[in-house]
Amino acid sequence: MQFVRASGSYPDILIPQVHAWDVSFSNPAGEPYVLMDIAHGRKLDNLTLDNNNLRGLDGMSEVQQLAVIKTLAKLQSTLSAPLLFDKIGSITLNDERIPTV
């Protein structure tokens, strides 16, 4: 997430700012966590059709379903496109947790 946000290679993808994270269980919280800005929007699973128990895509019209699927496919395609780097190596974080190559 930090690389996508900081690289400038994905200007159309909105990424919340990550403030802190730890993927281990040996932290003060005792669980892996990510603390980040709120991503505004609605969870797909929370969408329901009036007077019906259908949720998510099932609760949408075919036109709405197609729009959601096209948006997700475009996002997947954008993130899957190769990027050129000027060095061999890995994307790492510096001491300030900023992605570097």
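The values are calculated or read from the model by the stated rules, or taken from the named source; none is laboratory data. For clarity, every value in this text was computed on a predicted model and none was experimentally measured. Reconstructed Cβ throughout: ideal geometry from the backbone, glycine too, with neighbour counts over all protein chains shown.
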Residue in the range 76-101 that is surrounded by the most Cβ atoms within 10 Å (Cβ to Cβ), counting only those that are at pLDDT 85 or above and not in a loop (DSSP other than H, G, I, E, B): Thr78
Across the range 1-50, what is the total count of residues that are hydroxyl-bearing (Ser, Thr, Tyr) and in contact with a helix residue (DSSP H, G or I) (Cβ under 7 Å, 6 or more places away or on another chain)? 2
Kindly evaluate Ala6 against the criterion of being exposed (fewer than 10 other Cβ atoms within 10 Å of the Cβ), at pLDDT below 90 and in contact with a Pro (Cβ under 8 Å, 6 or more places away or on another chain). no
Quick one: Asn53 ticks every box in (1) modelled with pLDDT under 85; (2) in a loop (DSSP other than H, G, I, E, B); (3) out of contact with any helix residue (DSSP H, G or I) (no Cβ under 9 Å at 6 or more places or on another chain) except a single one, so which number is it? (3)
Of all residues making up the range 2-49, the number that are within 18 Å of Thr92 (Cα to Cα), part of a loop (DSSP other than H, G, I, E, B) and of a type in the set (Gly, Ala, Ser): 3
If I go through the range 63-75 residue by residue, how many of them are modelled with pLDDT of 90 or more and either surrounded by fewer than 10 Cβ atoms within 10 Å (Cβ to Cβ) or over 18 Å from the mean Cα position of the chain (by Cα) (or both)? 3
Would you tally the residues in the range 9-28 being over 22 Å from Gly41 (Cα atoms), exposed (fewer than 10 other Cβ atoms within 10 Å of the Cβ) and of a type in the set (Asp, Glu)? 0
